[in-house]
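Just below is one structure, and these are the notes that go with it.
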Amino acid sequence: MKNIWQYILAGIAVAIGGMFVSDLAGNFFNGLGGYGFGCILGICMYLCVVIVTCTGIIVAKLHKNTHVDEDSGNKSEQ
(Lines give C-alpha, C1' and ligand atoms only; values in the text may rest on other atoms or scores of the structure.)
Protein backbone atom coordinates (compact mmCIF):
# COMPACT_ATOMS: atom_id res chain seq x y z
CA MET A 1 0.00 0.00 0.00
CA LYS A 2 2.93 2.31 0.68
CA ASN A 3 4.16 1.97 -2.93
CA ILE A 4 0.79 3.04 -4.29
CA TRP A 5 0.93 6.34 -2.41
CA GLN A 6 4.49 6.94 -3.62
CA TYR A 7 3.36 6.45 -7.21
CA ILE A 8 0.36 8.73 -6.71
CA LEU A 9 2.56 11.47 -5.25
CA ALA A 10 5.08 11.03 -8.07
CA GLY A 11 2.25 11.33 -10.61
CA ILE A 12 0.99 14.53 -9.00
CA ALA A 13 4.52 15.98 -9.01
CA VAL A 14 4.93 15.09 -12.70
CA ALA A 15 1.59 16.72 -13.54
CA ILE A 16 2.52 19.92 -11.70
CA GLY A 17 5.91 19.90 -13.45
CA GLY A 18 4.11 19.60 -16.78
CA MET A 19 2.02 22.68 -16.01
CA PHE A 20 5.17 24.71 -15.29
CA VAL A 21 6.87 23.49 -18.47
CA SER A 22 3.76 24.31 -20.49
CA ASP A 23 3.60 27.82 -19.03
CA LEU A 24 7.30 28.47 -19.66
CA ALA A 25 7.03 27.19 -23.23
CA GLY A 26 3.93 29.31 -23.78
CA ASN A 27 5.90 32.43 -22.88
CA PHE A 28 9.02 31.34 -24.79
CA PHE A 29 7.29 30.24 -28.02
CA ASN A 30 4.54 32.88 -28.09
CA GLY A 31 5.66 34.08 -31.53
CA LEU A 32 4.34 30.88 -33.12
CA GLY A 33 0.80 32.16 -33.17
CA GLY A 34 -0.03 33.03 -29.61
CA TYR A 35 0.34 31.83 -26.07
CA GLY A 36 -1.93 28.82 -26.60
CA PHE A 37 0.16 27.33 -29.40
CA GLY A 38 3.29 27.77 -27.30
CA CYS A 39 1.64 25.96 -24.39
CA ILE A 40 0.59 23.09 -26.65
CA LEU A 41 4.14 22.79 -27.97
CA GLY A 42 5.50 22.83 -24.43
CA ILE A 43 3.16 20.15 -23.12
CA CYS A 44 3.90 17.97 -26.16
CA MET A 45 7.64 18.26 -25.55
CA TYR A 46 7.11 17.46 -21.88
CA LEU A 47 4.96 14.45 -22.78
CA CYS A 48 7.72 13.14 -25.06
CA VAL A 49 10.26 13.37 -22.23
CA VAL A 50 7.92 11.62 -19.79
CA ILE A 51 7.16 8.78 -22.25
CA VAL A 52 10.84 8.19 -23.02
CA THR A 53 11.75 8.24 -19.33
CA CYS A 54 8.97 5.84 -18.33
CA THR A 55 9.82 3.49 -21.20
CA GLY A 56 13.45 3.45 -20.09
CA ILE A 57 12.45 2.64 -16.52
CA ILE A 58 10.16 -0.20 -17.66
CA VAL A 59 12.80 -1.68 -19.98
CA ALA A 60 15.45 -1.49 -17.25
CA LYS A 61 13.10 -3.21 -14.80
CA LEU A 62 12.29 -5.97 -17.30
CA HIS A 63 15.99 -6.41 -18.10
CA LYS A 64 16.78 -6.66 -14.39
CA ASN A 65 14.06 -9.31 -13.91
CA THR A 66 15.43 -11.41 -16.79
CA HIS A 67 18.87 -11.48 -15.23
CA VAL A 68 17.42 -12.63 -11.91
CA ASP A 69 15.59 -15.49 -13.68
CA GLU A 70 18.76 -16.56 -15.53
CA ASP A 71 20.77 -16.65 -12.29
CA SER A 72 18.25 -18.91 -10.59
CA GLY A 73 18.15 -21.30 -13.54
CA ASN A 74 14.59 -20.48 -14.56
CA LYS A 75 13.96 -18.94 -17.93
CA SER A 76 11.02 -16.64 -18.39
CA GLU A 77 8.90 -17.02 -21.49
CA GLN A 78 9.22 -14.31 -24.08
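Evaluated on segment 1-51, the Kirkwood hydrodynamic radius is 11.6 Å, with distances taken between all distinct Cα atoms.
Each of Tyr35, Tyr46, Tyr7 has its accessible area taken with a 1.4 Å probe; listed largest first, they run Tyr7, Tyr35, Tyr46.
The values are calculated or read from the model by the stated rules, or taken from the named source; none is laboratory data. Bear in mind the structure is a predicted one, so any value in this text is a computation, not a measurement. Only protein heavy atoms, including side chains, enter the accessible area calculation; ligands, DNA and RNA are left aside. Shrake-Rupley method; radii C 1.70, N 1.55, O 1.52, S 1.80 Å.
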